[in-house]
Amino acid sequence: MFQIATFVLVPHDSTFRRAYGSNGILSVLGVWVFALIWHFVCYRRLVKQAKAMDFSMCPFCGYDLRAIEEPGPCPECGRKFEVADLRDYWERKFEGRS
């Protein structure tokens, strides 16, 4: 089964197939699949975390800024922020996605 899949995905005379064989191709495909799944899981986690903090989360380090009323530097990373702009930032970032 795996031999058929790798034969269809990678041409028989490709340099990669000659260098690494079918097992190498499966390893590379496995790494890509793992990376895509990991990216999706991390993205979902970021969305949930931002929503749980009512979008009052530092966009650079993730620090919870709900208790800070005045604009200024983030206590964690030192980057400046505006409380009113945080919600707009996160809504633009997650626009059309959830």
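Loop-located chymotrypsin sites (Phe, Trp or Tyr not before Pro) in region 27-63 (DSSP state other than H, G, I, E, B) with a sparse environment of at most 16 neighbouring Cβ atoms within 10 Å: F60. Look at the Cα gyration tensor of region 53-98: its axes a ≥ b ≥ c give a/c of at least 1.5 with a/b over b/c, and that counts as prolate. In this structure, the amide hydrogen of S56, modeled 1.01 Å from its nitrogen in the peptide plane, lies closer than 5 angstrom to no residue at least 5 positions away or on a different chain. Amide H contacts for C77 (H built 1.01 Å from N in the peptide plane; partners 5 or more residues away or on another chain; cut-off under 5 Å): none found.
3J(HN,Hα) couplings calculated from phi for region 79-85 with the Karplus curve 6.51 cos²θ - 1.76 cosθ + 1.60 (θ = phi - 60°) are, in sequence order, 7, 6, 8, 10, 4, 5, 7 Hz; Gly and Pro show x.
FYI, it's all coordinate maths here, none of it is from the lab. Note that the coordinates shown come from a computational prediction; the quantities given were computed from them, not determined experimentally. Note: ideal-geometry Cβ built from the backbone for every residue, glycine included; neighbour counts use all protein chains shown.
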